[in-house]
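Any read-out appearing in this document is the output of simple, stated calculations on the displayed coordinates, not a laboratory observation. Treat the numbers as computed from the prediction; the structure is a model and nothing was measured. Positions of Cβ are backbone-derived with ideal geometry, glycine not excepted, and every protein chain shown enters the neighbour counts.
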Amino acid sequence: MLRMAALSKVYRTEVLETHALRDFTLHVGEGEFVAVTGPSGSGKTTFLTIAGLLEEFSGGQYQLDGVDTRGLNDRQRSRLRNEKIGFVFQSFNLIPDLNVFDNIDVPLRYRGLPASERRRLIGEALERVGLSARARHYPSQMSGGQQQRTAIARALVGRPRLLLADEPTGNLDTHMAQGVMQLLEELHRDGATIVMVTHDPALAARAQRQVHIMDGQLIELAAYHDPRHDPRPRAQDPQPRALDLPPGAAAAVMGASDVAASVASARAPA
Ligand SMILES: Nc1ncnc2c1ncn2[C@@H]1O[C@H](COP(=O)(O)OP(=O)(O)OP(=O)(O)O)[C@@H](O)[C@H]1O
Ligand SMILES: [Mg+2]
């Protein structure tokens with residue numbers, strides 16, 4: 001699903017050159033659930049924004065679902081992103097002036113679907129995250145956990161194959177964090193590939209696989225394998241899971257015009 005090889009990212013300002021990612025090589029297979037940990041400033045968000053085609057990289061290679069992303073123009077990048085990727089940010093990034101229903105509708109608006117179809121998809125997403133009764137609430141009228149579940153509904157309403165989550169539980173108490181984690185696990189069981197950045201070792205341990213970023217470089221940690229779910233060792237389990245997504249069902253989570261704002265808000269302090 002995601003293949004990065006010797007990828008690098010250099011940020012240059014007048015006074016400083018930061019090598020945010022260096023010789024960064026990572027393969028994430030279809031249907032995997034990967035947790036990413038690492039100290040502050042190590043490059044986790046940089047990795048996710050590049051993985052999500054929100055930012056360009058400086059060197060190396062990145063293939064997303066078999067497509068070489070180098071040299072794509074802005075339009076091609078946003079199309080690819082809109083087809084395949086859903087984002088969940090630490091700071092929720094809900095639009096305060098829109099209620100829950102309309103927030104979830106944002107990515108669907110880019111698809112030109114009839115209103116009745118959008119209502120149906122939004123209804124399903126709301127049910128999935130347990131917020132059917134709150135469709136007309138505004139973000140300020142909801143708890144952090146409910147806001148994050150709304151953000152997850154927005155990320156999943158277009159049925160993305162790849163879900164990228166940057167500290168999705170970072171602003172939540174333990175109880176709410178559990179709920180959000182269970183939701184991600186459910187999406188994973190349904191076939192989504194998930195890459196989740198987290199500071200919480202207990203949550204990271206629940207992923208199938210853990211990788212660590214240190215100074216912009218990737219360190220692979222022991223793959224976690226729960227024998228209750230599948231007695232086979234991972235090395236002999238290369239079969240990608242089948243996805244039950246209708247062809248072309250994947251949708252816009254963000255349109256091209258949102259990209260700059262998304263990058264800015266992905267980096268906004270929580
Ligand atoms: N737009 C930018 N311009 C210059 N430097 C940047 C920019 N964005 C990130 N950096 C630098 O790149 C490095 C990696 O940043 P990144 O946001 O990826 O860290 P992180 O691992 O997500 O940290 P945290 O856990 O605090 O969120 C840091 O040294 C940061 O200062
Ligand atoms: Mg970060």
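Ranked by the mean number of other Cβ atoms within 10 Å of their residues, highest first, the peptides 202-210, 156-164 come out as 156-164, 202-210. Each Lys or Arg adds one and each Asp or Glu takes one away; over the other residues whose Cβ falls under 10 Å from the Cβ of residue 60, this sums to +2. Counted residue by residue at 0.36 nm each, then reduced by the alpha carbon distance between them, the extension gain from residue 15 to residue 119 reaches 32.4 nm. Among 178-184, 144-150, 129-135, the peptide with the highest mean count of other Cβ atoms within 10 Å heads the list, and the full ranking is 144-150, 178-184, 129-135. Under the Karplus relation 6.51 cos²θ - 1.76 cosθ + 1.60, θ = phi - 60°, what is the ordered set of whole-Hz ³J(HN,Hα) values for segment 13-21, x standing for Gly and Pro? Per-residue couplings from phi come out as 10, 4, 9, 9, 10, 10, 8, 6, 10 Hz. Extending 7 Å from the Cα toward the beta-carbon at both residue 23 and residue 72 defines two label points whose distance is 2.8 nm.
Oblate is the label for segment 76-143, because a/c, from the alpha-carbon gyration tensor with a ≥ b ≥ c as root eigenvalues, is 1.5 or above and a/b does not exceed b/c.
Among the GluC sites (Glu not before Pro) within segment 45-120, those in coil by DSSP and having at most 16 neighbouring Cβ atoms inside 10 Å are 56. Taking amide H as placed 1.01 Å from N in the peptide plane, the amide H of residue 163 sits under 5 Å from that of 86, 193, 194, 195, each at least 5 places away or on another chain.
Computed from label points 7 Å out along Cα-Cβ, the spacing between residue 133 and residue 58 is 5.2 nm. Annotation: peptides 69-77, 30-38, ranked by per-residue average of other Cβ atoms within 10 Å with the highest first, follow the order 30-38, 69-77. Shape class of segment 1-81 from the alpha-carbon gyration tensor: oblate, with a/c at 1.5 or above and b/c at least as large as a/b.
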